[in-house]
Amino acid sequence: MGESFVPVALRAARAADPDAKLYINDYNIEGTGAKSTAMANLVKSLKASGVPIDGIGVQAHLIVGQVPATLQTNLEQFAALGVEVAITELDIRMTLPETAALREQQQKDYQTVIAACKAVSACVGITIWDYTDKYSWVPGTFSGQGAACPWDSNLVKKPAYDGIVAGFTS
C-alpha cells in the first residue's frame, strides 16, 4: 500500500473530529538526511493535494553523544512547510553501565534537544517517553543499553532532569 493510506487516514481523522490536530509521527527524522527529506516531501505533497496535516512529530529516541547537530535546522525546515512540529517520544539512551561521564553527556544532550525545540516557534511541545528508567522500554529493545530517562529506577532525579530545565531556561 506504500504511502497511499496516509491521505485516507488523515481525511478520515479530520472527518471524525474536525478540531483534532493531525500529525505524522516518525523516528530517525531528528537530523537532516534522506528520511527527514522524505518526510518533508510527503508533507509538501499532502498539503499540495489539500490533505489535512497540522504537524510533524519527531520521536527523538536518541543515543548519548549522538544528538544530530542539524536537529534545530531540521525542525525549522519542517516548520517552514507551514506545520507545527513537536518532539514526541524523547529519550536518550546509553550503553550500560552508567558512568558519571555518560550522565554528564546525557544532561547536555537533553539540554540541546529542549533548547532546539524552544528556539523554533512552531515547535509546540516535548513529550518525554517515560520519566523513569524503572519503566523504560529501552533495555527490553536495545540489549546492553538503558538509563534513558530523567529519573532513575528509584525515582531519583538524574542530571538529565537538570539538562531539561536548563534547556527551557537558557
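The values are calculated or read from the model by the stated rules, or taken from the named source; none is laboratory data. Small disclaimer: the values here were computed from a predicted structure and weren't measured. Cβ coordinates were reconstructed from backbone atoms using ideal geometry, including for glycine residues, and neighbour counts include every protein chain displayed. Surface areas here come from the heavy atoms of the whole protein model, side chains and all, with no ligands, DNA or RNA. Shrake-Rupley method; radii C 1.70, N 1.55, O 1.52, S 1.80 Å.
Within segment 80-96, the residues that satisfy the criterion of being farther than 20 Å from Gly125 by Cα and either part of a helix (DSSP H, G or I) or open to solvent by less than 70 Å² (accessible area, probe 1.4 Å) (or both) are Arg93, Met94. The set of residues from segment 123-153 being without any contact (Cβ under 8 Å) to a residue 40 or more places away in the chain, small (Gly, Ala, Ser) and farther than 24 Å from Gly55 by Cβ comprises Gly140, Ser143, Ser153.
The residue list Gln66, Gln59, Gln77 contains one member that is open to solvent by less than 60 Å² (accessible area, probe 1.4 Å) and closer than 19 Å to Lys35 by Cβ, which is Gln59.
One residue stands out among those in segment 20-36 that are open to solvent by 70 Å² or more (accessible area, probe 1.4 Å) and in a helix (DSSP H, G or I): the one that is nearest to Cys123 (Cα to Cα), which is Lys35.
Considering segment 118-132 alone, what residues qualify as being open to solvent by 70 Å² or more (accessible area, probe 1.4 Å) and either assigned to a loop (DSSP other than H, G, I, E, B) or at pLDDT below 95 (or both)? Passing the criteria: Ser121, Trp129, Tyr131.
I'd like to check something: does segment 103-114 contain any residue that is outside any helix (DSSP H, G or I), modelled with pLDDT of 95 or more and of a type in the set (A, V, I, L, M, F, W, C)? Give the steps one after another, and end with the answer.
Applying the first criterion (outside any helix (DSSP H, G or I)) to segment 103-114 yields none.
No, the conditions are met nowhere in segment 103-114.
Conditions (1) of a type outside the set (Val, Ile, Thr); (2) under 25 Å from Gln72 (Cα atoms); (3) surrounded by 17 or more Cβ atoms within 10 Å (Cβ to Cβ); (4) in contact with a strand residue (DSSP E or B) (Cβ under 7 Å, 6 or more places away or on another chain), marked per residue:
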| residue | (1), (2), (3), (4) |
| --- | --- |
| Glu98 | yes, no, no, no |
| Ala101 | yes, yes, no, no |
| Gln111 | yes, yes, yes, no |
| Ala115 | yes, yes, yes, no |
| Lys134 | yes, no, no, no |
| Gly144 | yes, no, no, yes |
| Ser153 | yes, no, no, yes |
| Lys158 | yes, yes, yes, yes |
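Take the conditions at pLDDT 95 or above, open to solvent by less than 70 Å² (accessible area, probe 1.4 Å) and among the small types (Gly, Ala, Ser) and apply them to Ala48. Does it pass? No: the conditions fail for Ala48. Remark: pairs (first residue in segment 1-19, on the phi < 0 side of the Ramachandran plot and in a helix (DSSP H, G or I); second residue open to solvent by less than 90 Å² (accessible area, probe 1.4 Å) and β-branched (Val, Ile, Thr); Cβ separation under 7 Å; 6+ apart in sequence or on different chains) = Pro7/Val51; Leu10/Val51; Leu10/Ile53; Arg11/Val51.
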